[in-house]
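Notes to accompany the following structure.
Please treat every number below as a calculation from the coordinates, not as lab data. Quick caveat, the model's predicted, so the values are computed rather than measured. Ideal geometry is used to build each Cβ from the backbone, glycine not excepted, and the neighbour counts take in all protein chains shown.
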Amino acid sequence: MEAIKEHKGLVFPLNRTNIDTDQIIPKQFLKRIERTGFGQFVFYNWRFDDNGNKREDFDLNKAQFAGASVLLAGENFGCGSSREHAPWALLDYGFKVIIAPSFADIFYNNALKNGIILIKMEESQITEWMKEAENGAFYLSVDLEKQEIQDDEGNIVHFDIPSYHKEKLINGWDDIALTLLNEDKIKAYEEATQA
Amino acid sequence: MSKPKTVIEKIWEKHVVYQESGKPDLIYIDQHLIHEVTSPQAFEGLRLNNRKVRRPDLTFATMDHNVPTKDRDVVKDEISRKQMETLRKNCEDFGIKLADMFHPDQGIVHVIGPQLGLTQPGKTIVCGDSHTSTHGAFGALAFGIGTSEVEHVLATQTLMQEKPKTLNVYVKGDLGPGVTAKDLILAIIAKFGVKFGTGYVMEYTGEAIRNLSMEGRMTVCNMSIEGGARAGLISPDEKTVEFLRGREYVPKGDAFDEIAKDWLALATDEGAVYDKTVVINAEEVEPQVSWGTNPSMCVPISGTTPSLESVKEHKEDVKRALEYMGLEESQPITSIEIDHVFIGSCTNSRLRDLQNAAEIIKGRKVKDGIKAIVVPGSFSVKLEAEKLGLDQVFLDAGFEWRDSGCSMCLGMNDDIVPAGGRCASTSNRNFEGRQGNGARTHLVSPEMAAAAAVEGRFVDVRKFKSGVLN
């Protein structure tokens, strides 16, 4: 995965709770055998009607949110199915940062493995940003090293992130390569347990 | 005496390969189950990095998500066919056992694991599917993973995981007559919400849990993820042991009795402490029907949809759910008419589920205009059911009797509910579009689904049995 230290981007507010991975990417798009090209399908049933035409009433389709890369959402984002196609689709569409009061466990891991910065934030702060962002042209800068989010007026909000997750994102670590450095320990475990 | 421990801690400690402060533990995976949808990119990753599958002998594959449930000889959907062919090739290239679409062991991955005895107490089991929690019914630590993690397990037979917190879901008392495991888990999620288990592994405890059949326990553990927990399990007991005795992949003879002792010793110790405990009274649980677009939006059959005035938080989401579902606020559940019935999925497609539904449907007819299908969880479940004549019971009533697969639970194959259609479904998710774009899903038990098929609307199956509906 690509390393990511900081990111500044246009904010898209999606004021819904419990956004499940079926909404992030519906099942009909899970049949591809590649990791790429899923961005066009993100939030598909919200963005498009039954005939494949853009739904004008869905904000992400509006011009002022074109190029958005910071997603604000309600609690329990990414619940449901374990499909990693969800973070693949979000990243491929252009979202690099997702800020929500809470994330579902499997989604959190999947997104982390793909270098998306997930930030847990107080709901009241998110509500405030959602209001600011509602008409577009609202930008947030995320500095992972300092664990700070800054708006255009220079207001700074601190966020928490487990230090291991932070290091992983900043260094773009490949977990498999890291684990294989401990291959002797895996072998020893297998011998000891006759696994 | 050493400190009392939960089954979760006991399994975890036995599987730590490597521990370093400030980092997740590296834990060993005893059983890796794979299927066609979430594995292709993992194998691609192995090839790109010139890596092998470390333990093909601990890996088992089947095809379930995409497979047609009728006229299997021709898979018309070319992309589905390609995905299945890719799995076949990957299994051949890397030496992994595969129960493909025509294999007698084929079935929904969470049905065949226990059926074959691959699922055993104390094992760590993973699969690229969130309903892997099902295997927790046997006292295994089983959870869903993403494709990157599938690749990690293929390459290393381990996973980096933070040690989970423990959550005791204590079910007090016993379920009333005619109330099922499905009603219990739906009531638990309705009471505590869709994220009370986030960051935890759940253990279900109490009299009602001990009294459930293994099939019932699988139904409960299956839906742990709908409460936010990646894994939910139940301490092994004699029922667990007896279910597994004689299964293909468990030891035989004396060796089985030996391993069974180890299994029983895994049960949570008296006095063990959990990070959190929630309590539900089983006696208060009624047959459940979901009305909304997540599994916590669920009420007893005697209930109604919520009134918006009574909703304190996230009112907009509730309003949107009612709109999507085409329901009014405060609408009685018994007034909701359905046009589809699906009996199947990793939640409710085992032999006992089909027997329970058949008991309701026997000698009755599916109401005109309703499309009703039964999709057994595995090829073996199908054969056993046919031996018992259940296929004929369902066919006589007007159900279709299909081949096994995930089918209408997520509609990746042709089994979808059309836009605006309304389905009484024994599956696990009522998300928008889950069973088909614009489809409306109501989660229920197999018994409740069968009764709804006859009446064309939701009814209390307990009254249905007695012949007095309202």
Inset, instruction - Please build a GNM for chain A, connecting alpha carbons under 10 Å apart, and tell me which residue among A:THR21, A:THR179, A:THR36 fluctuates the most. - result: A:THR179
Inset, instruction - Would you look at the GNM of chain A, springs on alpha carbons closer than 10 Å, and say which of A:PHE138, A:PHE29, A:PHE12 moves the most? - result: A:PHE29
Inset, instruction - Report the antiparallel proportion of the DSSP beta bridges in chain A as a percent, rounded to a multiple of 5. - result: 50
Inset, instruction - Rank B:THR119, B:LEU327, B:PHE102 by how far each Cα sits towards the positive end of the charge dipole of the protein assembly as shown (+1 on Lys, Arg Cβ; -1 on Asp, Glu Cβ) and give me just the farthest. - result: B:PHE102
Inset, instruction - Compute the convex hull volume of the Cα atoms of the stretch A:97-142, divide it by the residue count, and report the result per residue in Å³ as a whole number. - result: 78
Inset, instruction - Write down the Kirkwood hydrodynamic radius of the stretch B:86-155, to one decimal in angstroms, obtained as one divided by the mean of 1/r over all alpha carbon pairs. - result: 12.9
Legend entry - Shielding by partners, peptide B:355-364 (average Cβ within 10 angstrom, other chains): 0
Inset, instruction - Restricting to the protein assembly as shown, compute how many DSSP beta bridges are antiparallel as a %, nearest 5. - result: 30
Inset, instruction - Within 10 Å of each residue's Cβ, count the other Cβ atoms and sort A:LEU14, B:LEU383 from fewest upward. - result: B:LEU383, A:LEU14
Legend entry - Theoretical ellipticity at 222 nm over chain B - DSSP helices of four or more residues, -39500 (n - 2.57) apiece, nearest 500: -9500 deg cm²/dmol
Legend entry - Estimated dipole of the protein assembly as shown in Debye, rounded to 20 [Cβ of Lys and Arg +1, of Asp and Glu -1, Cα centre]: 880
Legend entry - Order of B:GLU384, B:GLU203 - criterion: other Cβ atoms within 10 Å of each residue's Cβ, fewest first: B:GLU384, B:GLU203
Legend entry - Karplus-derived 3J(HN,Hα), 6.51/-1.76/1.60, for each residue of the stretch B:295-310, Hz, glycine and proline x: x, 7, 7, 8, 9, x, 4, 7, x, 10, 5, x, 8, 4, 4, 7
Legend entry - Quotient of Cα Rg and 2.2 N^0.38 Å for the stretch A:7-95, N being how many residues it contains: 1.04
Legend entry - Dipole magnitude (debye, nearest 20) for chain B, charges at Cβ of Lys, Arg, Asp, Glu: 240
Inset, instruction - Based solely on C-alpha atoms, express the radius of gyration and the Dmax of chain A in angstrom. - result: 18.2, 61
Legend entry - P(r) weight above 32 Å for chain B, C-alpha pairs, percent: 37
Legend entry - q = 0.12, 0.16 Å⁻¹: log10 I(q)/I(0) that the Debye formula gives for the stretch B:315-431, counting C-alpha atoms only: -0.47, -0.78
Inset, instruction - Sort all Cα-Cα distances of the stretch A:58-121 into consecutive 10 angstrom bins from zero, then give the percent of pairs in each bin up to the one containing the longest distance. - result: 22, 56, 21, 1
Inset, instruction - Averaged over every viewing direction, what's the projected area of the C-alpha convex hull for the stretch B:255-328? Give it in nm², one decimal, please. - result: 9.3
Legend entry - Magnitude of the charge dipole, the stretch B:55-139, Cβ model with Lys/Arg +1 and Asp/Glu -1, debye to 20: 120
Inset, instruction - In square nanometres and to one decimal, what's the mean projected area of the convex hull around the Cα atoms of the protein assembly as shown? - result: 28.4
Inset, instruction - With just the Cα atoms of the stretch B:208-360, tell me how far they stretch along each of the three principal axes, in Å, largest first. - result: 62, 40, 26
Inset, instruction - Rounded to the nearest 0.05, what FRET efficiency do B:GLU316 and B:GLU270 give with R0 = 41 Å and r taken as the Cβ-Cβ distance? Could you check? - result: 0.30
Legend entry - Rg(Cα) / (2.2 N^0.38 Å) computed for the stretch B:217-297, rounded to two decimals: 1.45
Legend entry - For the stretch B:406-420, 3J(HN,Hα) per residue [Karplus equation, 6.51 cos²θ - 1.76 cosθ + 1.60, θ = phi - 60°, Hz, x = Gly/Pro]: 6, 6, 6, 5, 10, x, 7, 9, 7, 7, 10, 8, x, 3, x
Legend entry - Ranking of B:ASP460, B:ASP396, B:ASP57, B:ASP353 by count of other Cβ atoms within 10 Å, fewest first: B:ASP57, B:ASP396, B:ASP460, B:ASP353
Legend entry - Estimated vicinal HN-Hα couplings, Hz - the stretch A:4-20 in sequence order (Karplus 6.51, -1.76, 1.60; Gly, Pro = x): 9, 10, 8, 7, 10, x, 5, 8, 10, x, 10, 7, 9, 9, 6, 6, 8
Inset, instruction - Equivalent ellipsoid semi-axes for the stretch B:68-225, as square roots of 5 times the alpha carbon gyration tensor eigenvalues: give them largest first, rounded to whole Å. - result: 32, 20, 14
Legend entry - Shape of the stretch B:369-418, Cα gyration tensor, a/c cut at 1.5: oblate
Inset, instruction - Report, largest value first, the span of the C-alpha coordinates of the stretch A:147-195 along each principal axis, in whole Å. - result: 60, 17, 11
Inset, instruction - Could you tell me which of rounded, prolate or oblate describes the stretch B:1-105, using a ≥ b ≥ c as the square roots of the eigenvalues of the alpha-carbon gyration tensor, with rounded for a/c under 1.5 and, failing that, prolate when a/b is larger than b/c and oblate otherwise? - result: prolate
Inset, instruction - Check cross-link reach from A:LYS5 to the lysines: straight Cα distance under 28 Å, and skip same-chain residues fewer than eight apart. - result: A:LYS96, A:LYS113, A:LYS120, A:LYS131, A:LYS146, A:LYS166, A:LYS168, B:LYS23, B:LYS163
Inset, instruction - Please list, in chain and number order, the residues 5+ apart from B:ARG457 or on another chain whose amide H is under 5 Å from its amide H, with Hs placed from the backbone. - result: B:ILE338
Legend entry - At R0 = 56 Å, FRET efficiency that the Cβ-Cβ distance of B:ARG245 and A:GLN147 yields, to 0.05: 0.55
Legend entry - Length released on extending from B:LYS23 to B:ASP73, taking residue separation times 0.36 nm less the Cα-Cα span: 13.1 nm
Inset, instruction - Enter the Cα centre distance for the pair the stretch B:362-418 and the stretch B:312-346, rounded to the nearest angstrom. - result: 24
Legend entry - Shielding by other protein chains, B:431-438, mean Cβ within 10 Å: 6
Legend entry - Spatial separation of Cα centroids for the stretch B:48-66 and the stretch A:138-177, in angstrom: 34
Inset, instruction - Return the long-range amide H neighbours of A:ILE25 (sequence gap of 5 or more, or a different chain), with a cut-off of under 5 Å between placed amide H atoms. - result: A:PHE43
Inset, instruction - Quickly estimate the mean residue ellipticity at 222 nm for chain A, helices only: each DSSP H run with n ≥ 4 gives -39500 (n - 2.57), and the total goes over all residues, rounded to 500. - result: -8500 deg cm²/dmol
Inset, instruction - Compute the Kirkwood hydrodynamic radius of the stretch B:145-252, taking the inverse of the mean of 1/r over all pairs of distinct Cα atoms, and give it in Å to one decimal. - result: 15.5
Legend entry - Per-residue average of Cβ from other chains inside 10 Å of B:125-131: 3
